[in-house]
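J.: Below is the structure I would like to discuss, written out as structure tokens.
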Amino acid sequence: MNFNRTFDQVVFDLKSKRNSRPLEAMKWYWKQLQWPSVPSPSNRGATWLELYLDFAAATGIRTVGVSHSSRSSLKLSKDAFSSLTSFLEARSGISPFKGKRANVTSLGPFGIRHGLAGVSIAPKFLCLEVWLPFLHARCKDQADPSLSLSSTQVGSLPVSSPLLFSPVREGFSRLFPPP
């Protein structure tokens, strides 16, 4: 099954049911990620939190849930990101990531010692340099880094400048594909 065609169809089918901008951005985001062909033993996977932070930094879209706002918590938004990914995966029949869903320990260096939900293989993130300092600052010297992160409002998340995702550019490239 063709990943791009299937995800394009899923997004088209949902346009009347939801705001299509987060869906288009998610489809774009998953297509941009690069995955290691042979994961290193030191690859600890990626949490949904890391994937959501990377998505928000790359696209500028911080509110994925239809009822969310810039005051929504990081926990609610990363859960919505994970749920929408699951929904797109179920509708298309194709997993947008390598590996499998698992509890991963990639946030161990930030003081979060227990495994968190994520994917078993970490991709090459698009905007690591944008969100990694934010993640470090929110976890540093915290008695409970998980709580500090979970309660963060998504309006305070950093985004790349310029944004990597442009709905106009993506729409134009779909209408006029390169030869």
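The values are calculated or read from the model by the stated rules, or taken from the named source; none is laboratory data. What you are looking at is a predicted structure, and each value in this text was computed from that prediction instead of being measured. Quick reminder, even Gly has a Cβ in these numbers, built from the backbone with ideal geometry, and neighbours come from all protein chains shown.
J.: Of the numbered conditions (1) out of contact with any helix residue (DSSP H, G or I) (no Cβ under 7 Å at 6 or more places or on another chain); (2) crowded, with 17+ Cβ neighbours inside 10 Å; (3) more than 16 Å from residue 29 (Cα to Cα); (4) among the hydrophobic types (A, V, I, L, M, F, W, C), residue 112 satisfies every one except a single condition; which is it?
T.: (1)
J.: Check whether at least one residue in segment 77-92 is of a type in the set (D, E, K, R) and either farther than 18 Å from residue 23 by Cα or exposed (fewer than 11 other Cβ atoms within 10 Å of the Cβ) (or both), and report yes or no. Steps first, please.
T.: Within segment 77-92, the subset of a type in the set (D, E, K, R) is 78-79, 89, 91.
Now drop any that are not either farther than 18 Å from residue 23 by Cα or exposed (fewer than 11 other Cβ atoms within 10 Å of the Cβ) (or both), which leaves none.
No, the conditions are met nowhere in segment 77-92.
J.: Suppose we keep only residues that are part of a loop (DSSP other than H, G, I, E, B) and over 25 Å from residue 121 (Cβ atoms) within segment 1-18. Which one would you say is modelled with the highest pLDDT?
T.: First pass over segment 1-18, keeping only residues part of a loop (DSSP other than H, G, I, E, B): 1-2, 15-18.
Within this subset, residues satisfying the condition of being over 25 Å from residue 121 (Cβ atoms) are 15-18.
Working: 15: 45, 16: 40, 17: 43, 18: 48.
Out of the qualifying residues, it is 18.
J.: Taking only pairs six or more apart or across chains, which ones have beta-carbon atoms under 6 Å, a first residue in segment 133-153 that is closer than 15 Å to residue 108 by Cβ, and a second residue that is surrounded by 11 or more Cβ atoms within 10 Å (Cβ to Cβ) and basic (Lys, Arg)?
T.: 149/138
J.: Do we have any residue at all in segment 124-143 that's surrounded by 15 or more Cβ atoms within 10 Å (Cβ to Cβ), in contact with a His (Cβ under 8 Å, 6 or more places away or on another chain), aliphatic (A, V, I, L, M) and under 15 Å from residue 56 (Cβ atoms)?
T.: No; the residues of segment 124-143 include none that is surrounded by 15 or more Cβ atoms within 10 Å (Cβ to Cβ), in contact with a His (Cβ under 8 Å, 6 or more places away or on another chain), aliphatic (A, V, I, L, M) and under 15 Å from residue 56 (Cβ atoms).
J.: Another question about this same structure. Among the basic types (Lys, Arg) and either modelled with pLDDT of 95 or more or in a helix (DSSP H, G or I) (or both): which single residue out of 21, 71, 44 fits that description?
T.: On the way: 71 fails: either modelled with pLDDT of 95 or more or in a helix (DSSP H, G or I) (or both); 44 fails: either modelled with pLDDT of 95 or more or in a helix (DSSP H, G or I) (or both).
Of the residues listed, the single one that is among the basic types (Lys, Arg) and either modelled with pLDDT of 95 or more or in a helix (DSSP H, G or I) (or both) is 21.
J.: Go through segment 47-67 and give me each residue that's modelled with pLDDT under 95, within 21 Å of residue 135 (Cα to Cα) and in contact with a helix residue (DSSP H, G or I) (Cβ under 6 Å, 6 or more places away or on another chain).
T.: Listed by number, the residues that qualify are 61, 62, 64.
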